[in-house]
Amino acid sequence: MNYSVVVVAAGKGERMGAQMNKVLLPLQGVPIIVHTLRIFEQDDACSGIVLVVKEAEMPAFNQILSAYHLKRKVQIVSGGKERQDSVFQGLLALENSGETIVLIHDAARPCVPKEKISGVVQAAFRTGAAILAVRVKDTIKEATGHQVRKTLDRSSLWAAQKPQAFRLSAILEAHRTGRKQGLNVTDDASLVEQLGQTVAIVEGSYHNIKITTPEDMLIARQFIKGREETNAYRPRI
Ligand code: CTP
Ligand code: MG
């Protein structure tokens, strides 16, 4: 079950406070974006990767792709002001590819386990739209300002992750409709939901964090280290 993936990397990384795009920061000696791209590069079911970056950062990303031998599957396109605009540009690059299923992934999620990727791809082949999500561990309050309005029922709450997987034609249509209606979302599945279509949940992994603030770097480093150690102990056959 093949798929193509749009990896969005055209953000500013403001909440990281590093004065540069966070996905270019090193993690275990390798830029975050390289960890993320390698996952798809090494997946035989992945037929192509569209990497979406800021126009001004294209030379930097191109250099990284060359240095880490990642050019084989990757095409680079330029992104937009909001994440949603960047995703749309990535989807347009695939519009005439003949691909059935497209994944949308954040460059800032370098720890997604590969079995979760095949899980969400399979679900999208079955249902048309699927996301990875984990059960919420904290009790979530809805508030007005700093005053609690109500406590939500945790047993029905899920935290949505990426990648999210869709039929290419359906997600393009959802994005086009969203743009017409001026919707601004950080979650592509919600555009599909707006059209009244169902979205399946595939149980994700708590390892699959999005690197957003500096402390996330510490956690991601441990997860990446753990993965490397596990690989080192795996018998080579
Ligand atoms: N992204 C993008 N284009 C944008 C904004 C975000 O491609 N205009 C990408 C980011 O590069 C990131 C992913 O969307 O991989 C998730 O967004 P987020 O974690 O918010 O990253 P940033 O927008 O870079 O960070 P911040 O919001 O702190 O500035
Ligand atoms: Mg952002």
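Screening Gln42 with (1) within 21 Å of Ala124 (Cβ to Cβ); (2) open to solvent by less than 60 Å² (accessible area, probe 1.4 Å) gives one miss only, at (2).
Condition (residue is open to solvent by 70 Å² or more (accessible area, probe 1.4 Å) and within 30 Å of Ser97 (Cα to Cα)) applied to the range 158-172: is it met by at least one residue? Taking every residue of the range 158-172 in turn, at least one turns out to be open to solvent by 70 Å² or more (accessible area, probe 1.4 Å) and within 30 Å of Ser97 (Cα to Cα).
Out of Lys73, Lys81, one residue alone is free of Cβ contacts under 8 Å to residues at least 24 places away in the same chain and basic (Lys, Arg). It is Lys81. Only helices (runs of 4 or more DSSP H) whose full extent lies in the range 1-104 are considered here, and the ones with at least 2 residues that are under 17 Å from Phe166 (Cα atoms), within 14 Å of the chain's Cα centre (by Cα) and within 16 Å of ligand 2 (Cβ to nearest atom) are 83-94. Scanning the range 81-100 for residues that are within 8 Å of ligand 1 (Cβ to nearest atom), open to solvent by less than 60 Å² (accessible area, probe 1.4 Å) and charged (D, E, K, R) turns up Arg83, Asp85. What number of residues in the range 199-215 are within 14 Å of Glu14 (Cα to Cα) and open to solvent by less than 30 Å² (accessible area, probe 1.4 Å)? The qualifying residues number 2. With respect to (1) farther than 28 Å from Leu172 by Cβ; (2) in contact with a strand residue (DSSP E or B) (Cβ under 7 Å, 6 or more places away or on another chain), the lone exception for Ser156 is condition (2).
Does Ala200 satisfy being within 19 Å of the chain's Cα centre (by Cα), aliphatic (A, V, I, L, M) and closer than 24 Å to Phe125 by Cα? First the steps, then the outcome.
Details: within 19 Å of the chain's Cα centre (by Cα): yes; aliphatic (A, V, I, L, M): yes; closer than 24 Å to Phe125 by Cα: yes.
So Ala200 passes the test.
Taking each residue of the range 199-218 that is farther than 27 Å from Gly17 by Cβ and looking for partners that are among the polar types (S, T, N, Q) and open to solvent by 30 Å² or more (accessible area, probe 1.4 Å) with beta-carbon atoms closer than 6 Å, six or more apart or interchain, yields Ala200/Thr127. When residues in the range 163-195 are screened for being closer than 30 Å to Thr139 by Cβ and assigned to a loop (DSSP other than H, G, I, E, B), 5 of them pass. Here Ser118 meets the list (1) free of Cβ contacts under 8 Å to residues at least 60 places away in the same chain; (2) away from ligand 1 (no atom under 16 Å from the Cβ) almost entirely, failing just condition (1).
Any chance you could count how many residues in the range 93-111 are of a type in the set (Val, Ile, Thr) and more than 12 Å from Val7 (Cα to Cα)?
Kept after step one, since they are of a type in the set (Val, Ile, Thr), are these residues of the range 93-111: 100-102, 104.
Going one step further and asking which of them are more than 12 Å from Val7 (Cα to Cα), we end up with 100-101.
Here the count works out to 2.
The values are calculated or read from the model by the stated rules, or taken from the named source; none is laboratory data. No experiment lies behind these values; they were computed from the predicted model shown. Neighbour counts are summed over all protein chains in view; Cβ atoms, including those assigned to glycine, are modelled from backbone coordinates with ideal geometry. Heavy atoms of the whole protein, side chains included, go into the accessibility calculation; ligands, DNA and RNA do not. Shrake-Rupley method; radii C 1.70, N 1.55, O 1.52, S 1.80 Å.
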